[in-house]
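The structure appears below as structure tokens.
The values are calculated or read from the model by the stated rules, or taken from the named source; none is laboratory data. Note that this is a predicted model, so its numbers are computed, not measured. Here the Cβ is made from the backbone with ideal geometry for all residues, glycine too, and neighbour counts use every protein chain on show. Quick note on the areas: whole protein, heavy atoms, side chains included, nothing else; ligands and nucleic acids left out. Shrake-Rupley method; radii C 1.70, N 1.55, O 1.52, S 1.80 Å.
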Amino acid sequence: EQEGSQESLSSSMWNKLDFNDILTTGEKRRNIYLKYELYSREGFVSSGTVLFDKPKYFEFKNPNLSFDIKEDEDKFSIIVKAEAFAKYVEVSLKDIDSKFSINYFDIIPGETVVVDIEKEWLSRAVIAEELKENISLRSIY
């Protein structure tokens with residue numbers, strides 16, 4: 001964990017991390033990734049992942065993506081899980097049009113990502129079971 005501060009609406013490098021002692025071989029660069037999270041005084045802001053090699057060389061494993069659906073009065077929540085690191089995960093619907101709260105994301109094992117669909121965003125009314133049958137997940141693999 002490292003702390004820093006930044007003026008609003010500006011950018012600068014405030015810290016540089018050196019991984020040369022860890023990434024000693026090409027194999028390690030093709031198998032290791034970094035996850036980062038950004039917090040402000042108010043709490044969580046953003047997160048992401050970094051590969052140490054080009055995605056076409058990274059040795060992705062089958063993430064075995066899976067999901068559950070939770071229905072609330074005004075939205076559906078799709079809870080996505082992966083057994084291995086998954087980059088550029090996309091959630092799509094086969095026969096229904098909609099917007100999503102998150103379009104593309106990365107996910108690491110042991111964590112979940114929640115993608116919300118407001119019911120008003122759907123092209124037509126659906127029930128949870130129909131939505132579940134229409135969901136497709138894919139990522140780089």
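What does the accessible area per residue of the chain come to in Å², with a 1.4 Å probe and no ligands, DNA or RNA counted?
On the way: 10020 Å² over 141 residues.
Ligands and nucleic acids excluded, the result is 71 Å² per residue.
Which one of Leu17, Gln6, Asn31 is farthest out on the positive end of the charge dipole of region 1-53, using unit charges on Cβ (Lys, Arg +1; Asp, Glu -1) and the Cα centre as origin?
Towards the positive end, the residue furthest out is Asn31.
Counting helices only, and only those DSSP H runs with n ≥ 4, report the 222 nm mean residue ellipticity of the chain as the sum of -39,500 (n - 2.57) divided by its residues, in deg cm²/dmol to the nearest 500. If you can, show how the numbers build up before the last one.
Values: 2 runs with 11 residues, N = 141.
Theoretical 222 nm ellipticity from helices: -1500 deg cm²/dmol.
Report the Cα centroid-to-centroid distance between region 13-79 and region 80-135 in angstrom, as an integer.
Region 13-79 and region 80-135 have Cα centres separated by 18 Å.
Dipole of the chain, Cα-centred, from +1 at each Lys and Arg C-beta and -1 at each Asp and Glu C-beta, to the nearest 20 debye? List each step's numbers first, then the result.
On the way: 19 positive and 27 negative charges, 147 e Å.
Its charge dipole is roughly 700 debye.
Quote the FRET efficiency, to the nearest 0.05, computed for Asp18 versus Glu59 with a Förster distance R0 of 22 Å and r equal to the Cβ-Cβ distance. All intermediate terms of the calculation are to be shown ahead of the outcome.
Working: r = 23 Å, r/R0 = 1.05.
For Asp18 and Glu59, the calculated efficiency is 0.45.
Provide the per-residue ³J(HN,Hα) series for region 72-79, in order, calculated from phi with Karplus coefficients 6.51, -1.76, 1.60 and θ = phi - 60°, each as a whole number of Hz, with x at glycine and proline positions.
10, 4, 10, 7, 10, 10, 9, 9
Taking the simple approach of a point 7 Å from Cα along Cα-to-Cβ for both Glu71 and Lys119, what is their distance in nm?
The two pseudo-label positions are separated by 0.9 nm.
Of the accessible area of the chain, with the probe set at 1.4 angstrom, what percent is carbon plus sulfur? Don't skip to the end; give the middle numbers.
Working: 4650 of 10020 Å².
For the chain, the apolar C and S fraction of the accessible surface comes to 46 percent.
Report the label-to-label distance for Val50 and Lys94 in nanometres (one decimal), using points 7 Å from each Cα along the Cα→Cβ vector.
4.0 nm
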